[in-house]
1. In region 1-14, how many are surrounded by fewer than 13 Cβ atoms within 10 Å (Cβ to Cβ) and either in a loop (DSSP other than H, G, I, E, B) or touching a Pro at 6+ places or on another chain (Cβ under 9 Å) (or both)?
2. What's the number of the only condition in (1) touching a helix residue (DSSP H, G or I) at 6+ places or on another chain (Cβ under 7 Å); (2) under 18 Å from ARG45 (Cα atoms); (3) open to solvent by 40 Å² or more (accessible area, probe 1.4 Å) that TYR104 fails to meet?
3. What number of residues in region 26-71 are closer than 18 Å to GLY8 by Cβ and of a type in the set (D, E, K, R)?
4. Could you please find all residues in region 86-103 being modelled with pLDDT of 95 or more and part of a strand (DSSP E or B)?
5. Looking only at region 43-85, which residues are open to solvent by 50 Å² or more (accessible area, probe 1.4 Å), at pLDDT below 95 and either of a type in the set (Lys, Arg) or part of a loop (DSSP other than H, G, I, E, B) (or both)?
6. Kindly check whether there is at least one residue in region 49-65 that is in contact with a strand residue (DSSP E or B) (Cβ under 9 Å, 6 or more places away or on another chain), in contact (Cβ under 8 Å) with a residue 12 or more places away in the chain and among the aromatic types (Phe, Trp, Tyr).
7. Can you tell me which residue among SER32, SER17, SER21 is open to solvent by less than 60 Å² (accessible area, probe 1.4 Å), at pLDDT 95 or above and of a type in the set (S, T, N, Q)?
8. Looking at region 12-24, is at least one residue of a type in the set (D, E, K, R) and in contact (Cβ under 8 Å) with a residue 40 or more places away in the chain?
Amino acid sequence: QVQLVESGGDLVQAGGSLRLSCAASGSRFSFSAMGWHRQAPGKQRELVALITSGGGTSYADSVKGRFTISSDNAKNTVYLFMNNLKPEDTAVYYCRMTTRGVGYWGQGTQVTVSS
């Protein structure tokens, strides 16, 4: 059974930085894409950053220039480096892995940015 375990969420002041990690296990196959999504209270879940197995990346406009996604394909692990955090970045951050056309979600990690 595929499992995604996120870590790194925390309470941080505006302007601070965090690194989120997502480790995938239980998959016989490497991922085709891994991404970070977030959901703030009362809002829909949104895609924040995506990385493909080939290294291609994409970002939501709201985080471009501040967030960086990277992966360790051998470990099926993806990271999200978040700099210059803003209060509006406060949300539960979820990892999602797509492999062989099937998507899997992690349980989420809370990021809170105080002003």
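1. Result for region 1-14: 1.
2. Here TYR104 clears every test but (1).
3. Total satisfying the criteria: 2.
4. ALA91, VAL92, TYR93, TYR94, CYS95, ARG96
5. Listed by number, the residues that qualify are SER53, GLY54, LYS75.
6. No; the residues of region 49-65 include none that is in contact with a strand residue (DSSP E or B) (Cβ under 9 Å, 6 or more places away or on another chain), in contact (Cβ under 8 Å) with a residue 12 or more places away in the chain and among the aromatic types (Phe, Trp, Tyr).
7. SER21
8. Within region 12-24, one or more residues are of a type in the set (D, E, K, R) and in contact (Cβ under 8 Å) with a residue 40 or more places away in the chain.
The values are calculated or read from the model by the stated rules, or taken from the named source; none is laboratory data. All values derive from a computational prediction rather than experimental measurement. Positions of Cβ are generated from backbone atoms using ideal geometry, with glycine treated the same way; all protein chains shown enter the neighbour counts. Ligands, DNA and RNA are stripped out before the accessible areas are found, and what is left, the full protein with its side chains, is counted by its heavy atoms. Shrake-Rupley method; radii C 1.70, N 1.55, O 1.52, S 1.80 Å.
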